[in-house]
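Here's the structure, in structure tokens; my notes come after.
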Amino acid sequence: MTVFSSLTNRIFFASAALTVLAIAVAVYRVNVAVTAQAEKELRRGLEEAGTQLEENRTMLFGHLAKEARLVADLSNLKAALGTSDPATVQAIAEQYQVRIGSDLFVVTDPAGRALAQAGRLQTTPGDPTMADAIHRATQGHEVVSLWPHSKGVVQVVTVPSVIGSELFGTVSLGFSLDEETAARFKAVTNSEIAFAVGGRVQASTLPARFNESLTSVVLRTGIQQLSLDDIEYEAISRSLPLSLSSDAASSEQVLQTTAPTAIILRSRTDRLRFLNAVHRELAGTAVLAVLAATLISYGIARTVTRPLGAITATMRDMAATGDLTRRITLPSRTQWQDEDARLLATTFNTMTDSIARFQREASQRERLSSLGRLSTVVAHEIRNPLMIIKTALRSLKGTPVSADAVRTAAADIDEEVARLNRIVSEVLDFARPIKFEMAPADLNALCEDAARAVGADGLPRVALDLDRRVPSITTDAERLRLALVNILTNARHAVSARTDAAPADAIRLKTFTTNGRVVVNIRDRGVGIPPEDLSRVFDPYFTTRRTGTGIGLAISRNIIEGLGGTIAMSSRPGEGTEVRLELPIQPDGR
């Protein structure tokens, strides 16, 4: 498609699409996580509300049972029961009902006839459950039962009032399960409450029309979901056992086998309604983020392609003019620019500088390859050794000649012949192409061997810092050793030229690996190289030493570059020189 033919458009669309996708995934995951957490909190809150209701009801009814026993044992109540006067008993019953706060307070004589009744609930005369509970209490039992009333049921504990074996009457205290009690539990648990007996809802904080729907919750276990007038609820049921405790006394009797059930409900619709606002906020944030990401993506695309345009324009000019040394000039740094594009431009400029240097070096090699230049250099280099040989031979013509003089002359001649041979070998090595014999080699071992060869005749010695993790490389070991010896020899000469004592680590050779290449770093603390000479150190026949040939470093560079590596030198006069060799582990094409 033509819209994607531009790099700016491709970067813009790619970054914008990735941003939109990331925002969409993030919003979706946040929505899912928030909804799941809200559901989890709703269920946990429902479980806690059920437990809280159970504990409150058990505590209240247990307290009521204890109060019933205490009241039945009071002497003033027994004295009033002894009178069989309803007015006297009624006054005491009302007094203790207010103190206890029970919903029902009933006192009977030994025959089961009601003498007093207090509380907000009234009993139904002749109710068989009530009569049966009172009858059992007159026989010396504590009885727990459910008494019906118009708005629900009352859970009642009935205890006898006795002294020794003499019965004075009974006391019944009741805890109502009606709408008023449900409302109190609703305030405590922050939930809707309903009470059911025998599978039917008797009282609820919800409208009565929902009683039939709530009945289905009583018959199931666990958390249930139901819908009431388009409002979704989650509900849980809790059985409310009639016994006073799990380890009730043997005298306790339960008349009703079907225990009441409490239903706890929380509106899922109301609890999760806040998620709609969260979803709207997330959607609005996502839209704003997408718009911001789109603008930023376009700005980033422009910052990348604008400097690239300058680079491509320069390259077109190079192709048109044939000038391979032209440099790229980017806009001022005050503008927002892409660092990668600047790095590309810097690298390109470095490449053009290298091309210019290579062109100069190629031209120099061509000049040096001429026979006249080579002949002049050879003639100059061999003149001094020939003069020394001539002087030695002249000393032998005199008579008489001692044996020591002969030996001295022979030694001078032998040394100068060796020097002539070295000069000729170096000239030939530099002039002719090098033929490499590549094979696996241990770089650290080569460095150790070169250091031994250089330090064999005295100080300063080479300190080695070799990384044993450097892998084996494919190279011409003998040629590489020769290059290392040449560089280390120059380092020794630089250190020896110091006027003061050289430090213990005057020459240090270090190996390590970086960016998939092995590095040999040779640093000396010698006299250093002046800045005006540093750029010429690799030129053939350039030397600052009287006895130097000026060809050792040139040969070393030819070797390193022929092996696919690079050699670089930095130096500060009076501080020392550092030479860095980088070699491939496996040369290209081998």
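The values are calculated or read from the model by the stated rules, or taken from the named source; none is laboratory data. Just so we're clear, the structure is a prediction, and the values are computed from it rather than from any experiment. Every residue, glycine as well, gets a Cβ built from its backbone with ideal geometry; the counts of neighbours run over all protein chains shown. The protein model used for the area step is the full one, side chains on, heavy atoms only, and it has no ligands, DNA or RNA in it. Shrake-Rupley method; radii C 1.70, N 1.55, O 1.52, S 1.80 Å.
Give the calculated FRET efficiency between N421 and T312 to the nearest 0.05, with a Förster radius of 45 Å applied to their Cβ-Cβ distance.
Here the calculated transfer efficiency is 0.20.
Explain nothing, just compute: Karplus ³J(HN,Hα) = 6.51 cos²θ - 1.76 cosθ + 1.60, θ = phi - 60°, for every residue of the stretch 213-227 in order, whole Hz, x for Gly and Pro.
Rounded to whole hertz, the list is 5, 6, 4, 5, 6, 4, 7, 10, 10, x, 7, 10, 10, 8, 10.
Between L60 and T347, 0.36 nm times their residue separation minus their Cα-Cα distance comes to what? Numbers along the way, then the final one.
Numbers: separation 287, 0.36 × 287 = 103.32 nm, distance 8.57 nm.
Answer, rounded to one decimal: 94.8 nm.
Obtain the nm distance between the two label points defined at Q139 and I355 by a simple spin-label model: each point lies 7 Å from its Cα along the Cα-to-C-beta direction.
Between Q139 and I355, the simple spin-label model gives 11.8 nm.
Can you pull the Rg over Rh of the stretch 40-101, Cα-only, Kirkwood?
My calculation puts Rg/Rh at 1.31.
Could you give the nm distance between label points at R99 and T215, where each point is 7 Å from its Cα heading toward the beta carbon?
The answer from the label model is 4.4 nm.
Place a point 7 Å from Cα of A111 in the direction of its Cβ. Which residues in the stretch 58-94 have their backbone N less than 15 Å from it?
Correct set: 82-86.
Label points 7 Å out from Cα along the Cβ direction at L70 and D467: separation in nm?
Label at L70, label at D467, 8.6 nm between them.
Taking 0.36 nm per intervening residue step and subtracting the Cα-Cα distance, what contour gain separates E39 from R394 on full extension?
The span from E39 to R394 would gain 116.4 nm if fully extended.
Give me the net charge of R525's neighbourhood, meaning all other residues with Cβ under 9 Å from the Cβ of R525; Lys, Arg count +1, Asp, Glu -1.
0
So, R0 is 35 Å and r is the distance between the beta-carbons of R120 and E281; what FRET efficiency does that work out to, to 0.05?
After rounding to 0.05, the efficiency reads 0.10.
Quick one: Cα centre-to-centre distance for the stretch 448-520 and the stretch 52-90, in angstrom?
After rounding, the separation between the Cα centres reads 106 Å.
Which order do L344, L77 take when ranked by solvent-accessible area (1.4 Å probe, heavy atoms of all protein chains), largest first?
Accessible-area ranking of L344, L77, largest first: L344, L77.
With a cut-off of at most 15 other beta carbons within 10 Å, and DSSP calling the residue loop, which trypsin sites (Lys or Arg not before Pro) in the stretch 145-237 qualify? Please list them.
Taking the stretch 145-237 and a limit of 15 other Cβ atoms within 10 Å, the loop trypsin sites (Lys or Arg not before Pro) found are K151, R220.
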